Every structure is written in structure tokens, then in C-alpha cells.
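The values are calculated or read from the model by the stated rules, or taken from the named source; none is laboratory data. Since this is a predicted model, take the numbers as computed values, not measurements. With ideal geometry, Cβ positions are generated from the backbone for all residues, glycine too; neighbour counts draw on all protein chains shown. To get the accessible areas, we keep the full protein, side chains included, count just its heavy atoms, and leave off ligands, DNA and RNA. Shrake-Rupley method; radii C 1.70, N 1.55, O 1.52, S 1.80 Å.
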There are 2 protein chains.
Amino acid sequence: MQAPLAAPIPIRMPSATRVVTEELRQAIVRLEFPPGTRLSEGEIASRYNVSRQPVREALISLSRIGLVQVLPQRGTLVTRISTRHMKQVIIAREALETAVVARACERFDPMIRASIDSILETQARAAAEGDHLTITAADTQFHGALASGVDCDMIWQMVLDVKVHMDRVRHLTLQDRESMRVLVQQHRAIVAAIDARDPERADRAMRTHLVEILRDLPRVLAERSDYFE
Amino acid sequence: MQAPLAAPIPIRMPSATRVVTEELRQAIVRLEFPPGTRLSEGEIASRYNVSRQPVREALISLSRIGLVQVLPQRGTLVTRISTRHMKQVIIAREALETAVVARACERFDPMIRASIDSILETQARAAAEGDHLTITAADTQFHGALASGVDCDMIWQMVLDVKVHMDRVRHLTLQDRESMRVLVQQHRAIVAAIDARDPERADRAMRTHLVEILRDLPRVLAERSDYFE
DNA sequence: GCTCTTGATCTACCATACAAGTCCATACTA
DNA sequence: TAGTATGGACTTGTATGGTAGATCAAGAGC
């Protein structure tokens, strides 16, 4: 056999289910499928050129997170945003992430601590340029790094699952440069408290940060009441 | 039309997927499928007399909770118990349930407050008789009622998903009557703190209760190291 | 003896076909 | 006109066949 053109291909082909799940998740968060939208398994299947099965399995995963609601024999629809649900999302995320920073004040992986600095630098630069996408990505990296630093990646997965609802709301609230700047500052405050090994301050900093994120929820509710239930 | 024999049948036939999911979940928690067991879609399908599809969907749900691990093209196996994972389970449950009792100290649904008394009575009676099953059921009802009382059923769902791991470990630790009695007392202490509107005491009572549950983890780890990773 | 190939045999994954429940517009009836 | 069947066009749920990837053991070649 002469000169195989293709490498042994050790890369793992992502399964159709995984792809569809991720695509749908992003589409819902970005409000390309607005709350209340009817999703037909067949429709989505033909849209992504796969059979109904992977779509169906993706919808099961998304329904566990609470992004869609499957009504047996009737249909599947993108869940509307409910203030009652959002309250619990905030409570849950606050509870989990304050637990993380509390542990971070006791001991924190030094390697990850170092990487956080570069994340914050990137984010600060993006804030100065008003680069919304980079800001958001860095925000996720930051919170993820906090969890990794205390060896809590399973808790981070839980946070991700509730965070997705907050992200959907954030897509409704246009972020101005000022609030971007505030975001970075709040991140710095959290890190400072951790470095100082001050649990109370870290707790307060994290709570302040998280409520800030949904400051504009009431305004959005008034403007787009059709997205809420 | 004469006397229709069958009622309009408003009851919803539980789908095969739901049934299999629940059966598997219980079987894993009860260690009928011990940690490390290989689960084949086809095998389980024939065991429950359904096709592979419902089984597959059930396994997807269980893998999201972390009870099974799906290795693409290789197999599915019941996850082993890892101390690293259990640490996070405890942290997560503590974080969520202390958040619940904190809110319960502010305001708590009076109807549900009343129902808690009867739950505790049932549990106390079961403890006296050493009725393990009733104790466990009442325990779940108690914690669930706390969440409902502050309108946090979504958080309760999250608690259930992590609690399942603790339940699996508890099936390894034989419960003596003394520890049953302690359990009921701890429940009473939590309720008393809530009634007194004392957040600090409620917080401490809940944490004490939750760490108690896994007091015997180290002993079990030594005895059944094959269940751990 | 050791490495590599090959093939049998597992697995999860995906596509397709069928079944069953729900909804709705239409037509029929009183 | 109001009310009630009824059939069809949806929906999700289930069953089954086939495919690709992973593993492992036996055997060929060095």
C-alpha cells in the first residue's frame, strides 16, 4: 500500500446526536428558536439531514435541562421563560458557585490560578473593544476555571445546566460597554477575595456578580411578555 | 349508544421509556446492578420485553445523572463509586438544601408545614419498628416537602439527581435502629430551626444531617473496594 | 519469540417502518 | 344554528434491520 493520504484518524467523529444536541442548545439560547416555538422531530431531522432518532435523543437531553418540553403524542416546544423558574435558577447557581468559592478560599490549584489571570486579561481587552462574543466565552472559562481549581467539574456541569437559562435571558438584554467593564471588575473582586483567603468577602463578591447578571430581567419581561409564561 | 363499558380513560399509560428508566434507576441504586456491571442495550431490552430504543433512551437519561457511562461503540457500564465524585455530590446537595432551608426561615407554605408533621410522625413510628423502607420513603418526602414549601421544585429535582448517588452508598451501609432514631431527631431539629426563623441554626442542622448520612463511607470503601474506582 | 495483520464478534449508533394518540376541519344530524 | 360524529393530517412512541467502530484472539511473517 503506497503512501496513505489520510492519517490514522484518531479524532473521534462526534455522533449525530451530540451535534444535533449542541446545535439545538445554541439555537435555543440564541433565541433562534424563541420560547414557545413548536419543534417537530421530523422537521428538525430533515433540517439537519439526519433521521428522527438522533433528534429525538437530543430533545430528551434538552428536556432534562428544561430547555424544551415534550408533550407525549402532541408535540415538543421550546419552554417559555418563567419568573418562578428563573428564581430557582438563580438560587441554585448562587448556592453552587458560592460553595465553590468557599472551598477556593481554603485551597486552590496554583496552575489554574495562573490561567485565570490570562483569562481576565483577555476579557478586559475584549471589554475595552466591546467584543461581546469574547466576553461571554471568557466569562464561561472564568467560572469553569474556578470549579476546576477546587476539583469540582461535576458541580461545574450542574452549573452549566442552569446557566443556560440565564444565558438565554442575557441574549435579550443588550450589554453596553459599561456593564462589560463592571463584569470584569466583579471577576477581579472574586479572585482578590480568594487570594486573600477571605470566605465572607468571596461569598459576597460572587452573589453580587450573579444578581448583577439578571439586573434587567424585569425590563425584558415587560418588553417581551410573549416569551414568558 | 348504550352504556360505554370503558371510562374515557384519562389515565396516562406510562411509556416504556419511562418504565425502563425508573426500573433501571432503582435496580442500580439497590445494587442489583453493582458498580462496574456491563449493561448491554439488547440484553436489557429482552429482559424487560421491550425493544432496544426505549432502553437506549433510558440509558441516555441515566448517563446524564451519572449512574451509567456510555462508551461509544464499546459498551455501557454502571459507574463505579468514586470518592472524588461523592465529595462533589455532598457539596452540591449541601449547597442546594441549605439554600432551601435559608429561604424556609423567611417564609414557608403553612399547608406544607402541616404535612411535614405527619411525615415525621410516620417516620418516627417506622424508626421504632425498624421499618427501613418506610424510613427511606419518609426521608425523601421530608426533604421534598422542604423544597415545595419554598416553591423550589426545580431545585428539588436537582437534589434528587445527586441524592441518587448517596442512596446507592446507603444501600451498602446497614442502618441500625440507633442511626434511624438519630435521623428522625435531626429532621426535627431542622424543622424546629425553621419554625424559630433561625437561619444559622437551620443551616447547621441541615449540614449535620447531610454529613451524618455518609458517615460510614470510609468503612464501606475498605470493605467493597471493587465497587469503587 | 515477537510484531503485525486479519477476521470474527461484540458494541452503540442510525435509518426506516409502523403503531398509537391528539387535534382539527368538515360534514352530518337534530 | 348548535351540537356531534368522523376522517385525515399531524404528533410522539416503539420495533427492527443494517452499519461502522472497537476489541480480541488466532495465525502469518519476520
#### Entry: Helical mean residue ellipticity (222 nm; -39500 (n - 2.57) per DSSP H run of 4+; nearest 500) of the protein assembly as shown
-22000 deg cm²/dmol
#### Entry: Shielded by partner chains, the range A:44-70 residues - at least 20 Å² of accessible area, 1.4 Å probe, vs chain alone
A:Gln53, A:Arg56, A:Glu57, A:Ile60, A:Ser61, A:Arg64
### Query
GluC sites (Glu not before Pro) within the range B:9-72: which are DSSP loop residues with at most 14 other Cβ atoms inside 10 Å?
B:Glu32
### Query
Does any residue of the range B:154-198 lose at least 50 Å² of accessible area with all protein chains in place compared with its chain alone, and if so which ones (probe 1.4 Å)?
B:Met154, B:Met158
### Cα-only radius of gyration and Dmax that characterise the range B:75-198, units Å
15.3, 53
### Query
Got the B:Ser179 label distances to the other copies yet, label 7 Å along Cα→Cβ, in nm, shortest first?
5.0
#### Entry: Antiparallel DSSP beta bridges within the protein assembly as shown, as percent of all bridges there, nearest 5
85
### Task
Quote the charge dipole size of the range A:171-229 about the Cα centre in Debye, to the nearest 20; the model charges only the Cβ of Lys and Arg (+1) and of Asp and Glu (-1).
240
### Query
Taking θ as phi - 60°, what are the ³J(HN,Hα) couplings along the range B:107-123 by the Karplus curve (6.51, -1.76, 1.60), each to the nearest whole Hz, with x for Gly and Pro?
8, 9, 4, x, 4, 5, 4, 5, 5, 4, 4, 6, 4, 5, 4, 3, 5
### Summary
Looking only at lysines whose Cα falls under 16 Å of A:Lys87's and that sit 8 or more positions away or on another chain, we get A:Lys163
### For chain B, the Rg and Dmax computed from alpha carbons only, in angstrom
20.1, 70
### Summary
Quick P(r) readout (the range A:16-78; Cα-Cα; 5 Å bins; whole %) gives 4, 20, 34, 30, 11, 0
### Query
Can you tell me the Rg and Dmax of the range A:106-145, counting just the alpha carbons, in angstroms?
10.9, 35
### Message
Give me, ordered by chain and number, the residues 5 or more places off B:Thr76 or on other chains with an amide H under 5 Å from its own placed amide H.
### Response
B:Leu39, B:Leu71
### Task
Roll a 1.4 angstrom probe over the protein heavy atoms and tell me the percent of accessible area of the protein assembly as shown that is carbon or sulfur.
53
### Message
For chain A, take the longest principal axis of its alpha carbons; what is the angle in degrees between that and the long axis of helix A:153-170, to the nearest 10 within 0 to 90?
### Response
80
### Task
Run a plain Debye calculation on the protein assembly as shown (Cα atoms as equal point scatterers, no solvent) and give log10 I(q)/I(0) at q = 0.08, 0.09, 0.10, 0.14 Å⁻¹, rounded to two decimals, same order as the q list.
-0.55, -0.70, -0.88, -1.62
## Note on the structure
Contact-by-burial set, the range B:86-122, min loss 20 Å², accessible area of protein heavy atoms with 1.4 Å probe, reference chain alone, gives B:Gln88, B:Ile91, B:Ala92, B:Ala95, B:Leu96, B:Ala99, B:Arg103
## Note on the structure
What a careful reader reports for the chain B Cβ nearest the rotation axis onto chain A, distance rounded to whole angstrom, is B:Ala95, 2
#### Entry: Per-copy distances of the A:Arg219 label point, shortest first, in nm (7 angstrom along Cα→Cβ)
5.9
### Summary
Copies of A:Pro72 compared via label points 7 Å along Cα→Cβ give distances in nm, shortest first, of 3.2
### Task
May I ask which residue of A:Leu221, A:Ile44, A:Gln185 lies farthest towards the positive end of the charge dipole of chain A, with charges of +1 (Lys, Arg) and -1 (Asp, Glu) on Cβ and the Cα centre as origin?
A:Ile44
## Note on the structure
Sorted by accessible surface (1.4 Å probe, heavy atoms of the protein chains only), largest first, A:Lys163, A:Lys87 come out as A:Lys87, A:Lys163
### Query
How much accessible area per residue does the range A:16-78 have, in Å², with a 1.4 Å probe?
52
### Task
Mind checking which of A:Ile116, A:Gln157, A:Gly144 is farthest towards the positive end of chain A's charge dipole, using Cβ charges of +1 (Lys, Arg) and -1 (Asp, Glu) about the Cα centre?
A:Gln157
### Query
FRET efficiency for B:Ala114 and B:Gln175, Cβ-Cβ distance as r, R0 = 41 Å, nearest 0.05?
0.90
### Task
Considering the options B:Gln175, B:Thr76, B:Ala92, tell which one lies farthest towards the positive end of the dipole of the range B:47-183, charges being +1 on Lys and Arg and -1 on Asp and Glu at the Cβ, about the Cα centre.
B:Thr76
## Note on the structure
Heavy-atom accessible surface buried between A and B, both sides counted, 1.4 angstrom probe, nearest 100 Å², is 2600
### Vicinal HN-Hα couplings computed from phi for the range B:142-148 (Karplus, 6.51 cos²θ - 1.76 cosθ + 1.60; Hz; Gly/Pro x)
4, 5, x, 5, 4, 5, 4
